[in-house]
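Engineer: Please read through the structure below; I'll follow up with questions.
Each reported figure results from applying straightforward, stated rules to the coordinates on display, with no laboratory input. Quick caveat: nothing in here was measured; it's all calculated off a predicted structure. A quick note on method: Cβ atoms are made from the backbone with ideal geometry, for glycine too, and the neighbour counts reach across all protein chains shown.
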Amino acid sequence: MKKDEQQKLLNQLGIASLNEMQEAASHAILDHRNTLLLSPTGSGKTLAFLLPVLEHLNPKGKKVQVMVLTPSRELAIQTEQVWKKMGTGYKILCAYGGHDMPTEIQSLVEPPALLVGTPGRIADHLKRRSFDPSAIRILVYDEFDKSLALGFEEDMAYITQAVKSGIQKIFVSATAAIQIPEFAHPGELEVINFLDEHQVAADIRMYRVNSPEKDKIDTLVQLLCNLGPVQALIFCNHREAVERTGQLLKEKGIPNTIFHGGMEQMQREQALIKFRNGTAHYLVATDLAARGLDIPDINHIIHYHLPSTMAEFTHRNGRTARMQASGEVYLIMHPEEVLPKYVDMEPDELQLKAAPLPAASPWCTVYINGGKKDKLGKVDIVGLFMQKGRLAKEDLGLIVVKDQNSFVAVRKNKLRQLLSAVQSEKIKGKKFLIAEAK
């Protein structure tokens, strides 16, 4: 790829230039080497492999040429979004559980150049013979350690067997202390390691918050009151704890949203959108939210429960202080709890003061049951909401248009006026359900 072509592509992504890790990965992958790419969360690993993969594609190809396996639906969707922003002209298809299977099968009738998805769904398509894998020349195992931890080993082994032997393989992770499984037949690997897992980023300030009770909910509430209405990511170790903590916070007057692997896909998408657009200041989540999600840099990470491994501790903290930003990490601990050995710095003790409940967000999220498949765009939604809904520009926030639905951040004090005004209106001659997202 010529330099001017690459720069044009980077401009579309809003990036001035590749970082050192991305340059190193591009060179290795372009040279057709099997590659192990290790780099922190938020460092740009997705672009690091997508850019050289693009150059390997055959424009005359009629079958799937590249397959990317991801541990979560969210990471698959994020990879798809990056590819589309690149404006390559090559078709991509995102496949994952919870997505409409007949729709995916229909999309595979004209195969994409790049197929990205979760191992379970990709294996399902292979068993159904939804597509021909014979032309696949590159297989990317993105966050492969997480896929293994989630129990996808059998599916990944099946997929690896289904493609031709000897193709180029790219392994991507934010964790160094892992072993590539034998079924992947990695062969000789070019290792690109930009990790230093034994060092907490210098621009992260870490605090210990003492909880007099083993049930830490009151201490968490007090901490959030001290922080005020800022975005914070609150990590729990189990789904049940996420559900309970989120519910208790609501009962104590602190709105929040939750995120874990047991939720339906639509619930998870809405939770992330509400967090991104500011409707929810606080996201209570399992380690599924520690990496691979399209959420903004978070200045405040709260460990309601400490994870069992250094790797997950690192990934959680990697949600803050990204790309030269700064951040604060809080460890809520009962006096009987011992600081884990993987915490190689003594946190400062944070003394909490009496403080009022944080102010509620001034934003809410509006749901529309139409999206890209209905030819809806952001311009159409803005036009309706401003012209018919009588909203000013400052009354609108982040707009997310997905394939079959859309979400719009709207000033809470304008919601009733908006919904009343647009209920009978049409967009592009079609009537859609427009309601507050629950």
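Engineer: Let's test the formula: R0 of 60 Å, r as the Cβ-Cβ distance of Y207 and E110. What FRET efficiency results, to the nearest 0.05?
Structural biologist: So the FRET efficiency works out to roughly 0.65.
Engineer: Could you state the number of Å between the C-alpha centres of region 117-153 and region 241-320?
Structural biologist: Computed from Cα coordinates, the inter-centre distance equals 27 Å.
Engineer: Nearest 0.05, what FRET efficiency do K412 and V379 give at R0 = 30 Å with Cβ-Cβ as r?
Structural biologist: The value I calculate is 0.80.
Engineer: Moving to a separate point now. Between region 373-419 and region 30-65, how many Å separate their Cα centres?
Structural biologist: If you average the Cα positions of each part, the centres end up 36 Å apart.
Engineer: For E190, enumerate residues with amide H under 5 Å from its amide H, sequence gap 5+ or separate chain, H modeled in the peptide plane.
Structural biologist: N34, T35, L36
Engineer: Next question. By the gyration tensor of its Cα atoms, with a ≥ b ≥ c the square roots of the eigenvalues, what is the shape of the chain: rounded for a/c under 1.5, prolate for a/b over b/c, or oblate?
Structural biologist: It is oblate, given that a/c is not under 1.5 and a/b is not larger than b/c.
Engineer: Extending each Cα 7 Å along its Cβ direction at K431 and K214, get the distance between those two points in nm, one decimal.
Structural biologist: 5.8
Engineer: Can I ask one more? Once you sort the root eigenvalues of the Cα gyration tensor of region 1-69 as a ≥ b ≥ c, which label holds: rounded (a/c under 1.5), prolate (a/b larger than b/c) or oblate (the other case)?
Structural biologist: oblate
Engineer: Taking θ as phi - 60°, what are the ³J(HN,Hα) couplings along region 166-175 by the Karplus curve (6.51, -1.76, 1.60), each to the nearest whole Hz, with x for Gly and Pro?
Structural biologist: x, 6, 6, 10, 10, 10, 10, 7, 9, 10
Engineer: I need the peptides 273-281, 386-394 ranked by packing, meaning the mean over residues of other C-beta atoms within 10 angstrom, with the highest value on top.
Structural biologist: Per-residue mean Cβ counts within 10 Å order the peptides as 273-281, 386-394.
Engineer: Taking amide H positions as placed 1.01 Å from N in the peptide plane, with prolines and chain starts having none, which residues 5 or more places from K402, or on another chain, fall under 5 Å of its amide H?
Structural biologist: Correct list: K372, F407.
Engineer: Rounded, prolate or oblate: which fits region 24-183, taking a ≥ b ≥ c as square roots of the Cα gyration tensor eigenvalues, rounded meaning a/c under 1.5, else prolate when a/b beats b/c?
Structural biologist: It is rounded, given that a/c, with a ≥ b ≥ c, falls under 1.5.
Engineer: Near A25, within a Cβ-to-Cβ distance under 14 Å, what is the net charge of the other residues, with Lys and Arg +1 and Asp and Glu -1?
Structural biologist: Neighbourhood net charge equals -3.
Engineer: Show me the chymotrypsin sites (Phe, Trp or Tyr not before Pro) within region 165-196 that DSSP assigns to loop and that have at most 12 other Cβ atoms within 10 Å of their Cβ.
Structural biologist: Sites meeting the loop and neighbour criteria: none at all.
Engineer: May I pose another question? Roughly how many nanometres apart are two label points built 7 Å out from the Cα toward the Cβ at E337 and E154?
Structural biologist: Inter-label distance under the simple model: 3.6 nm.
Engineer: While we're on this one: Could you order the peptides 243-250, 160-167 from most to least packed, using the average number of other C-beta atoms within 10 Å per residue?
Structural biologist: Packing proxy ranking, top to bottom: 243-250, 160-167.
Engineer: Could you pull out every residue, at least 5 positions away or on a different chain, whose amide H is within less than 5 Å of the one on V68? Hs are placed 1.01 Å off N in the peptide plane, and Pro or chain starts have none.
Structural biologist: Correct list: L115, V116, G117, V140.
Engineer: Additional query: Can you tell me the FRET efficiency between Q351 and K91 if r is taken as the Cβ-Cβ distance and R0 is 60 Å, rounded to the nearest 0.05?
Structural biologist: 0.60
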